[in-house]
Every structure is written in C-alpha cells, then in structure tokens.
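K.L.:
What follows is a structure written as structure tokens; I'll ask about it next.
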Protein chains: 2
Amino acid sequence: MRGTNNLQEEIRRVKDKVDSLMLGSLLPISDSVHEVDLLFKMMRDYPTRQGKGMRPFLCVTTCKAAGGTEEDAILTAASIEMFQNWILIHDDIEDGSQLRRGEPTLHRKYPVSLALNAGDALHARMWGALLGNSQRLGHERTLGVLGEFSRMVNETTEGQHMELGWVENKRWDLTEADYFLMCTKKTSWYTVASPCRLGAIVAGAQPSVLEALRSFGTDLGVAFQIQDDALNLTGDERKYGKAKSDDIAEGKRTLILLHLMDSAGPPEKSRLRAIMNKPRDDKTPEDISYVLSLVDKHDAIGYARKRAEELLKMALLTLKKIEWPGDRSSAALLESFAKYAVEREW
Amino acid sequence: MRGTNNLQEEIRRVKDKVDSLMLGSLLPISDSVHEVDLLFKMMRDYPTRQGKGMRPFLCVTTCKAAGGTEEDAILTAASIEMFQNWILIHDDIEDGSQLRRGEPTLHRKYPVSLALNAGDALHARMWGALLGNSQRLGHERTLGVLGEFSRMVNETTEGQHMELGWVENKRWDLTEADYFLMCTKKTSWYTVASPCRLGAIVAGAQPSVLEALRSFGTDLGVAFQIQDDALNLTGDERKYGKAKSDDIAEGKRTLILLHLMDSAGPPEKSRLRAIMNKPRDDKTPEDISYVLSLVDKHDAIGYARKRAEELLKMALLTLKKIEWPGDRSSAALLESFAKYAVEREW
C-alpha cells in the first residue's frame, strides 16, 4: 500500500465503514414525535455531507500499527467523526460561517437556537456511543478512551476560546508561539494527536508510544492547519467546501496574517489592521483584495508553507522512532498521510 | 430530620459540599494563558451563582436510601450540577433570556460566541469529572453512571428541541399529552428522574428500583415544571432569579397557556394567539398585562396547580412502594422533598 492513490483509497474505505456505522446505528434515525424527528434529521445533516474522513483513518490505522484490529477501533473512529460534526455545528455559529462542506451551515438552514441544541444532542450521542466500547474492549480500555476524549474536547474548546478571544479583543500583538499554542489546542489535538492516540489506546499501546503520538500529532496538526489557512486563500472553493478568503472576512489570526503584520511597512500595516478589525459584514471586496495583494507581495503563503514543511519534518522524525508492534504497512501509511496532509490541495 | 426546615438545611448542606468539590477541584481555576484563564472564569460563572441545589440533594439522598454512602454519590452529584450549569448557558442563548439567578445571563456578560464555547467546555468537563468515579465505584458502576448521563442529556436536548420548535413554528394545536411529553423530556429527566436514578445506580440498586424512580421522577418533574411556570407569572423576582413573566415574553407553551387557549372565548383567543406569536422584543407591556389578565380571569394558574397536585399524588404513591434497603430517614426526606418541590414559592 504505497503512494497517494492507495492512501486516498484507504481513507475513503475507512470513512465509508465509519459512516455506515454512524448513520446506521450510532445516530438515531427517526421518531414519531415531529419535533424530535426534526432534531434527529438535523443531527444527521453534517454527518451525511462529504467530509474528508482523515481522523477516523488515523485512528484505525494507528490501532493496526500498534497491534490492534480495525474492528477494535471502528466505534472509537466513528465517535471521533461525531465529535468533528458537533463541534463544527457550534464553530460555524461562533464564527458566523456561511458554508460548510459546500452547503449552507446548519444555523443558516435552521434557526440558530435549534442548531445550537442539535450540536449538544450530537455531543451527548458521541459519549453515549463510546460506552459501547466496553463489550469489545473491556471496561478499563473503554475508560482510557473516554479519558482521551475528555482531554481532546478540553484542548479544543480552549483553543477555540483563544482564537475567538483574539478576534473579539482585536489582538494583533501575537507571536508565532501564541499561534502555535492556539493551533495545537484548536486543531492538533482533535485532528491528529487524539485520533492517533485513541487508536493506540484501543490497541493497548505503551505510554511512551502515546507520548510520541502527542508530539507527532501536535507538530503535524499545526502543519495541517497552516496548509488549511493557505488553502482558504488559494484553494478551489468547490473542492475545499468553505467560502474562499472567509478567514480574512472572519478576521482569523493565521500564521500567514501574523507574518504579514510583521513584514508589512507602517502604512500597509495600519491599513491592514483597520481592515482586519472590521466586523465581517463591513469588509468590502476591495478590503479583501487589498489583503490578498499584500499576502502576494510579502510572499506570506510561501513563508507559512516553509514553516509547515519544517513541522512536517519534525513530525516524521518522531514517527520514525516509534517501534510499532503491529502491522508495518499501516505504519507506512501514517507516514504517507503526514506528507499528504501538508501537501494536499483540498 | 422532619419538616421543611430540616429539608432546606439538608439541601443546603449537600449543595455546599458539592460546590466545594466542583469549584475546588472539578473545574479548572486559572491558567497562565490570558484567554484560557478567561474561559475558566466563564465556566465558573454560573456555578458560583446561587442555585437551588435540589438535584445534587436528590442524588445523594437517594443513594443513602438505596444503601450507599454520601461519599459514594458526591462526585456524581457534583457532575449533575455541572450538567445543570452548561445546559443553562446554552438554554439562555437559545431562549434569549436576560437574567439567570438574578444576574445577567452569560451571553449578555460576554460575547455569545464565547459563552456558547464555554458551555461546551463545561459539558466536556462534566464527562471528565464522571470518569473519576472509577476509583471509588469500580469500572462497571462508573459505566452505569455514564450511561444514565447519556440518557439524561439525550432526553433533555429532545425536550428542548420540542419546546423551541413549537415557538418557532407558532404551534398552539397542542394537547396536554404533548405538554407532558415535552416537559418529561425537557425537565423531568434531569431534574428528578436521573438525579434519583444516579444515586440509586451508585448504590447498586435493583432495576425495579430504577424503574420506579423513572416513574416517580417523570411525574414529580412535570409537577415541578408546572409550579415553575406558575412562579414565573406570580413569584417574587428576587427569590426566583429570573425576569418575571419572561415565559410570556418568550412565547413558551406552558400548561397555563395551553389551558388558557382552551378556555378563552374566540375574540380573547385570537388576541392571545397574536400576542404570543410576536417575537420577544415586539411584545409590549400592555400585551403582557392582557395575557396576565386572561390568566386571572380563567383561573389558569389554579387549574395548572390542580394538575400538579395530582401528579404529586401519583409520584408519592410510587415512592411509597419502593422498598429501600438503606437509610430510612433519607427515604422520608425524599417524600418531604416531593411535596416541597410542588408547593415551594421560589
């Protein structure tokens, strides 16, 4: 199993399996009470849209590399997908996002109050689903999985608060270290570190492996986020599924923007700040174009991508040092994935 | 331990114990990162306001009646309090509420996006706290507690969707059975049924006891909600902690309002509907006064209170049939509590 094609096939294969478990039995399907039935429909909305499926792939693949089986990890992998879906519902409300996976966000299809509540309902179903692990994995390992989920949600909500707080308080006095910390919390834990660690926990891996996966996951997660930030400005909207340059509209502190703030001359910098601090709806198309022109002029994307490559290199070094007791081809797939996550175009 | 004074003292005693556990070790206190520190402060905001503390009392008292100890139940009781706090943060956003426990709601003190995220953070901490049960209770009982929490959150979010959906769709074609179902889901589970059942699960009670507590809890929970709806219209705002007649402003379908829709004459009914269907901010003080005058004229509160008394009677019958293996005075306290919950003035 080598090369990007095999990787993409494998991601797709795991994703299909996880989707069928999630939609077939973890999420409720219908109810005789009209309103409850609509709630279930809303809970199933994001999960039925086309997601990337990277996280369940990481969970299942790490489990196999660590000596477990795919079946051991599949329920946990599906629960990670449920996490991704409820947090996106809430993130989209918090960020005022318009599009998700190429369709209107849930709170634009339905009243915000109902969308918020549907996110909570999905959140609770995630924990409920995880309890089903005890039959196959036993009580001890099930509680280990729950503990990792707890850590993962804590980190993610802290990162989300950091990002929202920076926008709210118009903060631009931020260093790369600030960005890396926010990004580790907001993205790395739930995108790479926890999916890998969960697969390892399911397989009964040693603490040293979990620690290595934390390090691998945080580095790769930040690199992944940098690439995501770059794609938001340069990517194909249809493949990418979010509105182009939406991060600028939203005022997000990306590595690209932080670098720009550093390299721009004083007049550029003051116009840039004024634009970035405007509320989303006050930003004009000219504002966005001006920011994009500065991004080009100072090669901010090139700079950010270089940093992403450095992080990838560190992540790969960490990965190489892990002595996997299980399937070797799965360990190799993790390496392919890491490269792919940073070099992808969607 | 008899009479209302003892009951109130006992509720207060348990509440203080639970608060000190929750604020002292379950909720994070501070962080060196400014934004994370603010998140923690927001998570601690509602928990430090003066709540009633009924739910932890029910959990601890049922545990003792079922043969367990207070220490067995205290962590679970504190987690119930955490549930109450995160769901209130989100409910207040969903309902557009202004006051909570006599102070501005969290999303009025801070940006809505940050309040929403703080609710999620508190939600996750609740599950994390529950994992701590395994040391004292063992893995099996810990998973039983988690399973009941899962049921409790599912029911609550379904009930919340029902209520919000009715307002959203301007539905008034509702029967008492509709109201009872919504109320069972939205209020009974997390207010009475699950707190009692959790205490029983912690103590290792038989399934028949859990089933009786479900029945007791759903009846008493609806009676409690009816009394809450009545207090919203008649109660002392300072004791009650919410804005008076806020349910009318919000357009809530209470038993009182449903009865009014049934008993009002055609012209009254059409004006009543028009008022109740207005958005919160469009309702004038005259609108509210008119609704209140109809409530008086048709004795809708008297009617609702009679229904609450009937439910209380059923709940007490169910409670009497339970054969408690544990502390008798705790079983007696549950009975006092049931009466008090329906007859209270706050």
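The values are calculated or read from the model by the stated rules, or taken from the named source; none is laboratory data. All values reported here derive from a predicted model rather than from experimental measurement. Cβ: placed from backbone, ideal geometry, glycine included. Neighbour counts: every protein chain shown.
K.L.:
Which one is surrounded by the most Cβ atoms within 10 Å (Cβ to Cβ), of the residues in the range A:130-144 that are touching a residue at least 40 places away in the same chain (Cβ under 8 Å) and out of contact with any Asp or Glu (no Cβ under 8 Å at 6 or more places or on another chain)? Walk me through how you get there before you give the answer.
P.N.:
If we filter the range A:130-144 for residues that are touching a residue at least 40 places away in the same chain (Cβ under 8 Å), which is where we start, we get A:130, A:132-133, A:136-137, A:141, A:144.
Remaining after also requiring out of contact with any Asp or Glu (no Cβ under 8 Å at 6 or more places or on another chain): A:130, A:132-133, A:141, A:144.
On the way: A:L130: 27, A:G132: 16, A:N133: 23, A:R141: 19, A:G144: 21.
So, considering only residues that are touching a residue at least 40 places away in the same chain (Cβ under 8 Å) and out of contact with any Asp or Glu (no Cβ under 8 Å at 6 or more places or on another chain), the one surrounded by the most Cβ atoms within 10 Å (Cβ to Cβ) is A:L130.
K.L.:
If you don't mind, there's one more thing I want to ask. Collect the residues in the range A:319-330 that are in a helix (DSSP H, G or I) and surrounded by 20 or more Cβ atoms within 10 Å (Cβ to Cβ), keeping them in residue-number order.
P.N.:
The initial filter retains those residues of the range A:319-330 that are in a helix (DSSP H, G or I), namely A:319-321, A:328-330.
Passing the criteria: A:L319, A:S330.
K.L.:
Only one residue in B:W166, B:W127 is closer than 25 Å to B:R12 by Cα, assigned to a helix (DSSP H, G or I), within 8 Å of chain A (Cβ to nearest Cβ) and touching a residue at least 12 places away in the same chain (Cβ under 8 Å), so which one is that? Walk me through it before giving the result.
P.N.:
Numbers: B:W166 fails: closer than 25 Å to B:R12 by Cα.
It is B:W127.
K.L.:
If the Cβ limit is 8 Å and pairs must be 6+ apart or interchain, which residue in the range B:255-281 that is more than 27 Å from A:S113 (Cα to Cα) pairs with which residue that is outside any helix (DSSP H, G or I)?
P.N.:
B:S263/B:H298; B:A264/B:H298
K.L.:
Within the range A:231-245, does at least one residue satisfy the condition of being touching a Phe, Trp or Tyr at 6+ places or on another chain (Cβ under 9 Å), among the β-branched types (V, I, T) and more than 14 Å from chain B (Cβ to nearest Cβ)?
P.N.:
no
K.L.:
Within the range A:54-76, is there a residue that is within 11 Å of another protein chain (Cβ to nearest Cβ), under 16 Å from the mean Cα position of the chain (by Cα), surrounded by 17 or more Cβ atoms within 10 Å (Cβ to Cβ) and at pLDDT 95 or above?
P.N.:
As a first pass, look at the range A:54-76 and keep what is within 11 Å of another protein chain (Cβ to nearest Cβ): none.
No; the residues of the range A:54-76 include none that is within 11 Å of another protein chain (Cβ to nearest Cβ), under 16 Å from the mean Cα position of the chain (by Cα), surrounded by 17 or more Cβ atoms within 10 Å (Cβ to Cβ) and at pLDDT 95 or above.
K.L.:
If I ask for residues that are within 9 Å of chain B (Cβ to nearest Cβ) and of a type in the set (A, V, I, L, M, F, W, C), which ones from the range A:130-140 would you list? Quick ask: steps written out before the conclusion?
P.N.:
Here is the first cut: in the range A:130-140, the residues within 9 Å of chain B (Cβ to nearest Cβ) are A:130-131, A:134, A:138-140.
Once the filter is applied, which keeps residues that are within 9 Å of chain B (Cβ to nearest Cβ) and of a type in the set (A, V, I, L, M, F, W, C), the range A:130-140 yields A:L130, A:L131.
K.L.:
Still on this structure, I have one more. I'm checking my understanding of the structure. Among residues of the range B:169-179 that are more than 12 Å from chain A (Cβ to nearest Cβ) and within 28 Å of B:L334 (Cβ to Cβ), which one is surrounded by the fewest Cβ atoms within 10 Å (Cβ to Cβ)? Spell out how you get there, then give the answer.
P.N.:
Pass one, the range B:169-179, residues more than 12 Å from chain A (Cβ to nearest Cβ): B:170, B:172, B:175-176, B:179.
Filter once more, keeping what is within 28 Å of B:L334 (Cβ to Cβ): B:176, B:179.
On the way: B:E176: 13, B:Y179: 24.
If we take residues in the range B:169-179 being more than 12 Å from chain A (Cβ to nearest Cβ) and within 28 Å of B:L334 (Cβ to Cβ), then B:E176 is surrounded by the fewest Cβ atoms within 10 Å (Cβ to Cβ).
K.L.:
Hey, does the range A:57-78 have a residue that's under 22 Å from B:T157 (Cα atoms) and in contact (Cβ under 8 Å) with a residue 60 or more places away in the chain?
P.N.:
The first filter runs over the range A:57-78 and keeps only residues under 22 Å from B:T157 (Cα atoms), leaving A:78.
Subsequent filtering for residues that are in contact (Cβ under 8 Å) with a residue 60 or more places away in the chain retains A:78.
Scanning the range A:57-78 turns up at least one residue that is under 22 Å from B:T157 (Cα atoms) and in contact (Cβ under 8 Å) with a residue 60 or more places away in the chain.
K.L.:
Quick one: would you say A:A200 is surrounded by 24 or more Cβ atoms within 10 Å (Cβ to Cβ) and under 27 Å from B:P28 (Cβ atoms)?
P.N.:
Details: surrounded by 24 or more Cβ atoms within 10 Å (Cβ to Cβ): yes; under 27 Å from B:P28 (Cβ atoms): yes.
So A:A200 fits the description; yes.
K.L.:
Please find, within the range B:141-163, the residue that is farthest from the other protein chains (Cβ to nearest Cβ) out of those that are closer than 19 Å to B:L88 by Cβ and polar (S, T, N, Q). Spell out the reasoning first.
P.N.:
Step one: list which residues in the range B:141-163 are closer than 19 Å to B:L88 by Cβ, which gives B:149, B:152-163.
Keeping just the survivors that are polar (S, T, N, Q) gives B:154, B:156-157, B:160.
Details: B:N154: 6, B:T156: 8, B:T157: 4, B:Q160: 5 Å.
In this case the residue turns out to be B:T156.
K.L.:
How many of the residues in the range B:42-52 are modelled with pLDDT of 95 or more and either within 11 Å of chain A (Cβ to nearest Cβ) or not in a helix (DSSP H, G or I) (or both)?
P.N.:
3
K.L.:
I would also like to ask the following. Under the condition of being among the aliphatic types (A, V, I, L, M) and within 16 Å of B:T318 (Cβ to Cβ), which residue from the range B:203-212 is surrounded by the fewest Cβ atoms within 10 Å (Cβ to Cβ)? Before you say what the answer is, go through the steps one by one.
P.N.:
So the first thing to find is which residues in the range B:203-212 are among the aliphatic types (A, V, I, L, M), and the list is B:203, B:205, B:209-210, B:212.
With within 16 Å of B:T318 (Cβ to Cβ) added as a condition, the list becomes B:205, B:209-210, B:212.
Numbers: B:A205: 25, B:V209: 22, B:L210: 18, B:A212: 20.
Only one residue fits best here, namely B:L210.
K.L.:
Here is a further query. Which residues, taken from the range A:182-195, are over 12 Å from A:D219 (Cβ atoms) and either without any contact (Cβ under 8 Å) to a residue 12 or more places away in the chain or over 10 Å from the mean Cα position of the chain (by Cα) (or both)?
P.N.:
A:M182, A:K185, A:S194, A:P195
K.L.:
While we're on this one: Give the range B:79-105 a look and list any residue that's out of contact with any Ser or Thr (no Cβ under 9 Å at 6 or more places or on another chain) and touching a residue at least 60 places away in the same chain (Cβ under 8 Å), or say none.
P.N.:
Of everything in the range B:79-105, those that are out of contact with any Ser or Thr (no Cβ under 9 Å at 6 or more places or on another chain) and touching a residue at least 60 places away in the same chain (Cβ under 8 Å) turn out to be B:S79, B:E81, B:M82, B:R100, B:R101, B:G102.
K.L.:
Let me ask something additional. From the set of residues in the range A:18-41 that are out of contact with any helix residue (DSSP H, G or I) (no Cβ under 7 Å at 6 or more places or on another chain) and under 16 Å from A:G128 (Cα atoms), which is nearest to the other protein chains (Cβ to nearest Cβ)?
P.N.:
A:F40
K.L.:
Could you look through the range A:106-122, keep only residues that are small (G, A, S) and free of Cβ contacts under 8 Å to residues at least 60 places away in the same chain, and pick out the one that is farthest from the other protein chains (Cβ to nearest Cβ)? Step through it out loud before you land on a result.
P.N.:
Filtering the range A:106-122 down to residues small (G, A, S) leaves A:113, A:115, A:118-119, A:121.
Now restrict to residues that are free of Cβ contacts under 8 Å to residues at least 60 places away in the same chain: A:113, A:119.
On the way: A:S113: 4, A:G119: 8 Å.
Selected residue: A:G119.
K.L.:
A further question follows. Suppose we keep only residues that are touching an Asp or Glu at 6+ places or on another chain (Cβ under 8 Å) and of a type outside the set (D, E) within the range A:79-101. Which one would you say is farthest from the other protein chains (Cβ to nearest Cβ)?
P.N.:
If we filter the range A:79-101 for residues that are touching an Asp or Glu at 6+ places or on another chain (Cβ under 8 Å), which is where we start, we get A:81, A:86-87, A:90, A:95-100.
Add one more test, that the residue is of a type outside the set (D, E), and what stays is A:86-87, A:90, A:96-100.
Values: A:W86: 9, A:I87: 8, A:H90: 6, A:G96: 8, A:S97: 11, A:Q98: 15, A:L99: 18, A:R100: 16 Å.
Once the filter is applied, the top-ranked residue is A:L99.
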